[in-house]
Every structure is written in structure tokens, then in C-alpha cells.
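So the structure is just underneath, and the comments pick up after that.
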Amino acid sequence: MVSDVHGNARDLARAGEGADALICLGDLVLFLDYADHSRGIFPDLFGKENADRIVELRTARRFEEAREFGARLWGGIGTDRAGAIEKAVRKQYAEMFAAFPTPTYATYGNVDMPPLWSEYARPGTTVLDGQRIEIGGWTFGFVGGGLKTPMRTPYEIGDEEYAAKIEAVGEVDVLCTHIPPDVPELVYDTVARRFERGSRALLDAIRRTKPRYSLFGHVHQPLARRMRIGATECVNVGHFAGTGRPWALEW
């Protein structure tokens, strides 16, 4: 089980060793590494100093200034922004999907571009979003993407649309999502120094349907990586880009 792979194809290729299946909870793309500002699409295009600056602005929650700064950078190089990003994302997806073992079950993260996944998912990789599947006698539900934020990442959706996907999954043994339930200890990132968006609908579903596990990623350095909500064990299985270690679920 991995999440927030963010370009770590080398470790991803080994993540499924000894397992019956690999589950990936999204964020394959590395746009900007908050721990190493020299890595990702943004510094490749604009350099580390500009990456340092935009991380500084975002960490201070000066999102409007960050957007204006980014717009000036894009304007300065005269490049089609969407085209340049898609080209870089395609390069990363080619590496990521080639590293997936068979079988892999995956859903999208908030920085992913879902329309591209069908082009790169090979036989043996099953992509699920608002859907459920049986693995080893247990039922797994998958809900991808994130909720809307000032960051405006590629796959953010409204609360009602997200809640509808949670509802469509229904009662499962393992509820797999990219974002965590809306619990302060699970959504606060101690390095980025901000609360990420968790889902209230997910939290309500956990309390109502009582899955054995709620598994997620998204928050790279949370206050708590796991906690119980009633009968459900909630586990942040990332941040794979930083650790290179999968989280194992055994039953």
C-alpha cells in the first residue's frame, strides 16, 4: 500500500515485492518537492530559487501572492502553461505506470490528471474511483481526488461530488481514499504548517459503516499517522516519496 509517490519510480518498482497486490492511493506526479526544492516540474522549468520563493509564499498561506508570482514566471518564458505541464506529467506517468507490478489497484490523488491515466495503465493495473472491488475475500472501496483548496491542484472536486462517491462505495471492509477524514490530528501537516483538507463525508461514513480500515495519504507529515475512530483503524500509508517504504495490510 502506497500513497503520494511523487515521482519515486525507483522504490515503486520494488513496493509490491512479496505482496499479493499493490494498492496506490494517488499523487504520482511530482510538481514541487517541499523537502527538496530542486525536484519536480516547477524547478525544472523555473529553477530552485524560484521554487524556494513559491514554497515560502505557500507555507505562509500567501496564496494570492504565490499565484501572482507563478503567473509572472509563466509569462516570462512565453510557454503554453497547460502544454508544458502536460508534457512533463506524461513523462512522469510513463515511468510510474511502468513501475507498477501486477496486480495493482490505484486511485487518483489531487495532483493527478485522471484523463491521462487510461493511456498509461497497462493490463494488470485497475483504476478505481467511487468503486469497490474484492481482494482476498475482503471488499475494498476507492475514492480518489481531493476537495477544493486555494492551491487549485488538478483533481479537486466539490464536497457534494466527493460525498456522492463515498456514498456510492457503501459498506466495505477497507475504505481507500487519497485524502483523510476531517480530523485535526490527521489533516495537519507539521512541515507545511497548515491544515490540509480532509473530508467530513468520509468521517461520517467511517462512523456510520464502520469499515475495518480507513487508508489514505495526502498529508505528508501529519501530527498522527494512525488513530482509531470507533471500530475503524485509520492509517496514513504515505508519504512514499519520502520514505520509499510501502505499508503492509495483512489478513
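In terms of Cα to Cα distance under 23 Å, which lysines are near enough to K91, apart from those fewer than 8 places away along the same chain?
Those lysines meeting the cut-off are K48.
Once the convex hull of the alpha carbons of segment 1-145 is built, what does its volume come to per residue, in cubic angstrom?
Cα-based convex hull of segment 1-145, divided per residue, equals 119 Å³.
Averaging sequence separations of C-alpha pairs under 8 Å and six or more residues apart, then dividing by the length of segment 1-159, give the relative contact order as a whole percent.
24 percent
When Rg is the radius of gyration of the Cα atoms in segment 110-205 and Rh is its Kirkwood radius, what does Rg/Rh come to? Please list the in-between numbers first.
Numbers: Rg = 14.2 Å, Rh = 14.4 Å.
Radius of gyration relative to Kirkwood radius: 0.98.
In segment 131-177, with Lys and Arg counted as +1 and Asp and Glu as -1 at Cβ, which of these residues, G158, T139, L175, has the Cα nearest the positive end of the dipole, that is, farthest along it?
G158
Got a number for the accessible area of H37? Probe 1.4 Å, square angstrom, nearest 10.
Its heavy atoms expose roughly 40 Å² to the probe.
Please report, in debye to the nearest 20, how large the charge dipole of segment 169-251 is about its Cα centre when each Lys and Arg carries +1 at its beta carbon and each Asp and Glu carries -1 there.
Dipole size: approximately 160 debye.
With charges only on Cβ, +1 for K and R and -1 for D and E, what is the dipole size of segment 63-136 about its Cα centre, in debye, rounded to 20?
The calculation lands at about 200 debye.
Go through A19, Y120, P184 and say which Cα lies farthest out towards the positive end of the charge dipole of the chain; charges sit on Cβ, +1 for Lys and Arg, -1 for Asp and Glu.
Of the options given, the answer is P184.
Could you sort the peptides 85-94, 137-146, 191-200 by per-residue average Cβ neighbour count (10 Å cutoff), highest mean leading? List each step's numbers first, then the result.
On the way: 85-94: 15.9, 137-146: 22.6, 191-200: 17.4.
Top of the packing list down: 137-146, 191-200, 85-94.
Order of 52-58, 19-25 by packing, highest average Cβ count within 10 Å first?
In descending order of packing, they fall as 19-25, 52-58.
Find the Rg to Rh ratio for the chain, where Rh is the Kirkwood radius over alpha-carbon pairs and Rg uses the same atoms. Write out the running numbers ahead of the final one.
Values: Rg = 17.6 Å, Rh = 18.4 Å.
My calculation puts Rg/Rh at 0.96.
Dipole size in debye (nearest 20) for the chain around its Cα centre, Lys and Arg Cβ +1, Asp and Glu Cβ -1? Mind showing how you got there, number by number?
Numbers: 31 positive and 35 negative charges, 71 e Å.
The dipole of the chain has a size of about 340 debye.
Give me the net charge for the shell around Y105: Cβ to Cβ below 12 angstrom, other residues only, Lys and Arg +1, Asp and Glu -1.
Computed value for this residue: -2.
The values are calculated or read from the model by the stated rules, or taken from the named source; none is laboratory data. Remember, predicted model here, so these are calculated numbers, not experimental data. FYI the Cβ positions are ideal-geometry reconstructions off the backbone, even for glycines, and counts take in every protein chain you see. The accessibility values were calculated without ligands, DNA or RNA, using every heavy atom of the protein model including side chains. Shrake-Rupley method; radii C 1.70, N 1.55, O 1.52, S 1.80 Å.
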